[in-house]
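Remarks on the structure that follows.
The values are calculated or read from the model by the stated rules, or taken from the named source; none is laboratory data. In this text the structure is predicted, and so the values were computed from the model without any measurement. Here the Cβ positions follow ideal geometry from the backbone for every residue, glycine too, while neighbour counts run over all protein chains shown.
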Amino acid sequence: MSLGDKIEHKAEELKGEAKEKVGDATDNPRLEGEGLADQDAANAKQAGDHVKDAAEDVRDVFRR
């Protein structure tokens with residue numbers, strides 16, 4: 001998994017956290033919900049990154 005993808009997914013998660021906090025502070029449930037959705041999407045992508053990394057590790061073990 002490329003470092004650029006990992007950085008992009010973490011940035012998406014942080015953006016979602018910021019949206020959630022702004023929505024909470026301004027009593028805007030729509031914005032808060034968007035922030036939570038952004039975080040969920042980013043977390044799913046990060047989980048995929050971890051799976052890909054693990055698969056690459058397993059592949060490397062069998063190549064030795």
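Within the stretch 8-23, if we keep just the residues that are hydrophobic (A, V, I, L, M, F, W, C) and under 9 Å from the mean Cα position of the chain (by Cα), the residue that is farthest from ASP49 (Cα to Cα) turns out to be LEU14.
Just one of (1) out of contact with any helix residue (DSSP H, G or I) (no Cβ under 7 Å at 6 or more places or on another chain); (2) surrounded by 11 or more Cβ atoms within 10 Å (Cβ to Cβ); (3) of a type in the set (A, V, I, L, M, F, W, C); (4) modelled with pLDDT of 95 or more fails for ALA55. It is (4). Do you know which of the residues in the stretch 24-52 that are surrounded by 14 or more Cβ atoms within 10 Å (Cβ to Cβ) and more than 21 Å from LYS6 (Cβ to Cβ) is farthest from the chain's Cα centre (by Cα)? The selected residue is ASN28.
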